[in-house]
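Contents: one structure, followed by commentary.
The values are calculated or read from the model by the stated rules, or taken from the named source; none is laboratory data. These numbers were taken from a predicted model, which means no experiment stands behind them. All Cβ positions, even for glycine, are placed from backbone atoms using ideal geometry, and neighbour counts span all protein chains on display. Each accessible area value is taken on the protein alone, full model and side chains, heavy atoms only, with ligands, DNA and RNA left out. Shrake-Rupley method; radii C 1.70, N 1.55, O 1.52, S 1.80 Å.
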Amino acid sequence: LLCATRPDVIRAMHDAFLSVGVDAVETASFGSFGVVLAEYGIPERSYELNVAAASLAREVCNGFEVDGRPRYVAGSIGPGTKLPSLGHIRFAELRDAYEVQARGLLDGGADLFLIETSMDLLQVKAAMIACRRAMQAAGRQVPLQVQVTMETTGRMLVGSQIGAAVASLQAMRPDG
């Protein structure tokens, strides 16, 4: 919500990272999709907030091109608060909510998608399908990166071992 209410704070955050030499910044959009935003009574603002998040990052990155070296905007897509493997949410509902987020990030100028800190492989699949649908609709392809979160037990929250996670992710063909 800060992307809409306090863009100066978000710009300053991106500026601070770029000032110390990073090449890519993440959008301030980790939980900005309808499933999470519904908990605050604002699910309809998902697209708007993601466009704002990516646009702010893009604006600051564009001001940091030095020596012809561009800076990149990573569209952050977080795991949310409901896991499909545990029956908290239907797969299609989660996928559709992620698609709205992905469209906003693309339209705001994201250079890549970063599906991050995922705890559930079905969650990852929903987000990846959503990103690919958004790219197809926009007629623009960007890299798709995925990160998962492992517990100290060596398993994801829903029990998947790292080997199973890697095999499943390879089958879904992320770019990184």
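Numbers for the structure displayed
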quantity	calculated
Long-range amide H partners of Gln147 with built H, under 5 Å	Ile115, Glu116, Thr117, Ser118
For Ser32, distant residues with modelled amide H under 5 Å away	Gly78
Heavy-atom accessible area ranking, 1.4 Å probe, most first, across Thr5, Thr149	Thr5, Thr149
Over segment 1-154, relative contact order from alpha-carbon pairs under 8 Å, at least 6 apart, %	23 percent
log10 of Debye I(q)/I(0), alpha-carbon scatterers only, for the chain at 0.17, 0.18 Å⁻¹	-1.03, -1.13
Spatial extent of segment 126-176: Rg and Dmax, with the Cα atoms as the point set, Å	13.1, 41
Simple label model, 7 Å out from Cα along Cβ direction - Arg140 to Thr81, nm	3.1 nm
Calculated diffusion of segment 1-55, Stokes-Einstein form, Kirkwood radius summed over Cα pairs, 4 °C and 1.567 mPa s, µm²/s	110 µm²/s
Residue order for Phe113, Phe91, Phe30 - accessible surface, 1.4 angstrom probe, largest first	Phe30, Phe91, Phe113
Amide H contacts under 5 Å for Leu112, placed H, 5+ residues apart	Val73, Gly75
Backbone HN-Hα couplings from phi across segment 38-47 [Karplus 6.51/-1.76/1.60, Hz, Gly and Pro as x]	4, 5, 10, x, 9, x, 6, 8, 3, 4
Value of [θ]222 nm, deg cm²/dmol, for the chain, DSSP H segments ≥ 4, -39500 (n - 2.57) each, nearest 500	-15000 deg cm²/dmol
Integer Hz, Karplus 6.51/-1.76/1.60 couplings in order for segment 19-25, x for Gly and Pro	5, 9, x, 5, 9, 9, 10
Cα gyration tensor shape for segment 1-105, rounded if a/c is under 1.5, else prolate or oblate	prolate
Sparse-neighbourhood loop sites, trypsin sites (Lys or Arg not before Pro) in segment 78-146 - DSSP loop, at most 15 other Cβ within 10 angstrom	Arg90, Arg140
Accessible area per residue, Å², segment 14-81 with all protein chains present, probe 1.4 Å	45 Å²
Additional length obtainable on full extension of the chain from Gln147 to Thr117, 0.36 nm per residue less Cα span	10.2 nm
Rounded to whole Hz, the Karplus (6.51, -1.76, 1.60) HN-Hα couplings of segment 114-125, x for glycine and proline	10, 7, 10, 6, 6, 10, 8, 5, 5, 4, 4, 4
Rounded tilt (10° steps) of 91-108 against the dominant C-alpha axis of the chain	10 degrees
